[in-house]
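The structure under discussion appears below in the form of structure tokens.
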Amino acid sequence: MNVLVCVKQIPDPNVPGKLDETSHRLVREGVDVVLDPGDEHGVEAGLQLVEKNGGDVTIVSMGPPKALDAIRKALSMGGARGILITDPALENADALSTARSIAAAIKGQPYDLIICGTESTDGYSGAVPGQIAELLGWPLLSFAKKIEVSDGKVTIDRQTDDGYDVVESPLPAVVTVTGGINEARYPSLRGIMQAKNKEVKQVSIQDLGLAGTVGKDALTQAVVRVTAAEARKAGEVIEDKGEGGKRVADFLAELKVI
Amino acid sequence: MIWVFAETVDGEPQPVVLEILTKARSLGEVEAVALGPGASRAAAALGAHGAGKVYVHEDPAFRDILAVPAVEVLAQLIEQHQPELVLFGMTYDGRDIASRLSAKLGTALIANATDLERKDGGIAVISPVFGGTLLVTTVARAKAPALVLVRPKAFTAEAANGAAAQIETLTAPPETGRAAARVLRREKEQAAGPRLEDAGVIVSGGRGLGGPENFSMLDELAAELGAAVGASRAVVDAGWKPYALQIGQTGKTVKPLVYIAVGISGAMQHTVGMKGAKTIIAINRDPEAPIFKLADLGVIGDVHKVVPQLIQEIRARKRK
């Protein structure tokens, strides 16, 4: 089976991010960028499916030329090839432009399954997977904590607030995966070496026939203001010298919780 | 006209729907759309919270097939009535429906809203970024309606003293011809104690617990306090706890009276989901953990010593 996994390169989520106050854009200069940790679960899910059912995994990303590093990381985990959609006109593009670009980049190619994380760690709107599904006319099976493929169908356990729903659809389909679905593998040294020679096709919006319909020419929304949120004040911090649990109990009693 | 997508389960509107209606009615006239079996039973509550009119469609397809039938019907209704704005709760289904709909209509989709305001004749949407340290205000640039996903707990639901909602019942079968993602069955996983969304007290665990087996200590503590158990992303990513318990940016926003963070460092990813708690207590070994900058009471120490002592102490006081 042919699996496509969508990935995103994001600023290191462990480092506080900054917005440029005039352009309202993410400051990318001087900030380390990484493959979104949520996407590693998507790559892992794709790899496990093809290891079981045969076929291979293609990695797609939209981003600046540097996003190639994120694709290489996914290839070092075991992806077979990559597609990088990169174009200056896509800088600061919104979710719908991203979805249109990815849908156009794979049009006519025989993918059985597209896997995405439920949302990116930086933007966290979670809009792109549903938009891709709609643009392709494919079903979306979201928030999967388990995926199985057999007989031309995909079945997932879909997370709910009090358990899960078993959801099934015919292929092709789009699936989003939650963090708990698997533990993502670390790239092996051999994987890292091999990834350097794997094909990554770079395409522009011109190549996709999307000039003028995505990116800055087609923004559906605009950020007009950025302000600092009210900070919470720190309270008392004590070191546990054998009485820490008691101190918490006292505090809970003051709060009338116990 | 502002529309609210009124997600219902067996005729009960989801709590976030009533929260959104409460806010929406301060911005203009409000109508709601309720889809699925029992939807008409939700109309009374929707009216009480500010909807002047409720479009109701009771077809079981809305319950049994993910997103697509709702998207088809919403697209038709939107074309017919041209609302200025459609608000959705940022739930599993709300997000699927709104994202598909935005692609179908070519409209803006603004997610993670925690506030809305009138601005220059339009609506501005406020969402937290970077762990809630910054607030961005976004406006729609595409044709109406803008679709907005509102995070649960952003507003407090309050009934209005309005007239009952007018009900318009729709019956034309929704389009389901396209390949569908169908719900085969629903499994409930027994969880003790209250739901995270409703809990007055939450006990939440992170990587600092050391391993999944140590969560039982938190389950015990939660049972003593009548609390719900939550988890950080690190713990969910490691497979110790299901995604439904994840608190944070990716995950749930909670606003309990008391939030007890155990072995949670307080990465931005997590704090955006819990900094609205009235009181925060943190227990962590690392004195540099950012969670201590938010906590009303912080205990620097070994969770394996502090938590058992806390449980013992609570039990002792209960016996008195």
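Within the set B:Lys119/B:Lys143; A:Lys145/B:Lys278; A:Lys66/B:Lys104, which residue pairs have Cα atoms separated by over 28 Å? As for pairs spanning more than 28 Å Cα to Cα, those are A:Lys145/B:Lys278; A:Lys66/B:Lys104. Annotation for region B:233-272 versus region A:1-64: alpha-carbon center distance of 21 Å. The label point for B:Arg141 and the one for A:Lys216, both projected 7 Å from the Cα toward the Cβ, are 1.0 nm apart. Going 7 Å from the Cα of A:Asp161 toward and past its Cβ, which residues in region B:230-265 have a backbone nitrogen under 15 Å from where you end up? Correct set: B:244-247, B:251-256. Its relative contact order, with pairs defined as Cα atoms under 8 Å and 6+ residues apart, puts region B:228-272 at 36 percent.
Under the shape rule built on the C-alpha gyration tensor, where the axes satisfy a ≥ b ≥ c, region A:150-190 is oblate, since a/c reaches at least 1.5 while a/b does not exceed b/c.
Of the residues B:Gly239, B:Gly226, B:Gly266, the one that moves most in a GNM of chain B with alpha-carbon contacts below 10 Å is B:Gly239. Remark: mean inter-chain Cβ contacts per residue of B:62-69 equal 3, using a 10 Å Cβ-Cβ cutoff to other protein chain atoms. The residues packed around A:Pro187, meaning those with a beta-carbon under 13 Å from its beta-carbon, carry a net charge of +3 if Lys and Arg are +1 and Asp and Glu are -1. Taking amide H atoms as placed 1.01 Å from N in the peptide plane, the amide H of A:Val203 lies under 5 Å from those of A:Leu84, A:Ile85, A:Thr86, each 5 or more residues away in sequence or on another chain. Entry note, chain B: the mean residue ellipticity at 222 nm calculated from DSSP H runs of n ≥ 4, each adding -39500 (n - 2.57), is -8000 deg cm²/dmol after division by the residues and rounding to the nearest 500. Residue by residue along B:134-141, Cβ atoms of other protein chains within 10 Å of the local Cβ number 6 on average. Using θ = phi - 60° in the Karplus curve 6.51 cos²θ - 1.76 cosθ + 1.60, the 3J(HN,Hα) couplings for region A:83-92 round to 10, 10, 8, 9, 6, x, 5, 8, 4, 6 Hz; x is entered for Gly and Pro.
Rounded if a/c is under 1.5, else prolate if a/b beats b/c, else oblate: with a ≥ b ≥ c from the C-alpha gyration tensor eigenvalues square-rooted, which is region A:1-96? In terms of gyration-tensor shape, prolate.
For A:Ile59, the residues whose modelled amide H falls within less than 5 Å of its own, excluding neighbours fewer than 5 places apart on the same chain, are A:Val5, A:Ala80, A:Arg81, A:Gly82, A:Ile83.
Per residue of A:140-151, other chain Cβ atoms within 10 Å of the residue Cβ number 3 on average. Among B:Thr169, B:Thr22, B:Thr114, the largest mean-square fluctuation in a Gaussian network model of chain B (Cα springs under 10 Å) belongs to B:Thr169. For a label point 7 angstrom out from the Cα of B:Lys104 toward its Cβ, which stretches of region B:113-156 have the backbone nitrogen within less than 18 Å? The answer is B:143-149. The mean sequence distance of close C-alpha pairs (under 8 Å, at least 6 residues apart), as a share of the length of region B:253-320, puts its relative contact order at 29 percent.
Considering only alpha-carbon pairs that sit under 8 angstrom and 6 or more positions apart, the relative contact order computed for region B:1-149 is 22 percent.
Put the Cα centre of region B:1-78 next to the Cα centre of region A:68-137 and the gap is 31 Å. Less than 20 Å apart at the alpha-carbon level, and either on another chain or at least 8 residues along: which aspartates and glutamates does that give for B:Lys320? Filter leaves A:Glu243, A:Asp250, A:Glu254, B:Glu220, B:Glu224.
Each peptide among B:136-145, A:221-230, A:175-184 gets the average number of other Cβ atoms lying within 10 Å of its residues, and from highest to lowest they stand as A:175-184, B:136-145, A:221-230. Region B:101-144 and region A:210-258 have Cα centres lying 21 Å from one another.
Using only side-chain charges placed at the Cβ, +1 for Lys and Arg and -1 for Asp and Glu, the dipole size of region B:172-320 relative to its Cα centre rounds to 340 debye.
Of all the options B:Ala244, B:Ala113, B:Ala154, the one that moves most in a Gaussian network model of chain B with Cα springs shorter than 10 angstrom is B:Ala244. Is chain B rounded, prolate or oblate when judged by the Cα gyration tensor, a ≥ b ≥ c being the square roots of its eigenvalues, rounded requiring a/c under 1.5 and prolate requiring a/b larger than b/c? Prolate, since a/c reaches 1.5 and a/b exceeds b/c.
Each reported figure results from applying straightforward, stated rules to the coordinates on display, with no laboratory input. Worth saying up front: this structure is predicted, and the values here are computed from it rather than measured. Cβ coordinates were reconstructed from backbone atoms using ideal geometry, including for glycine residues, and neighbour counts include every protein chain displayed.
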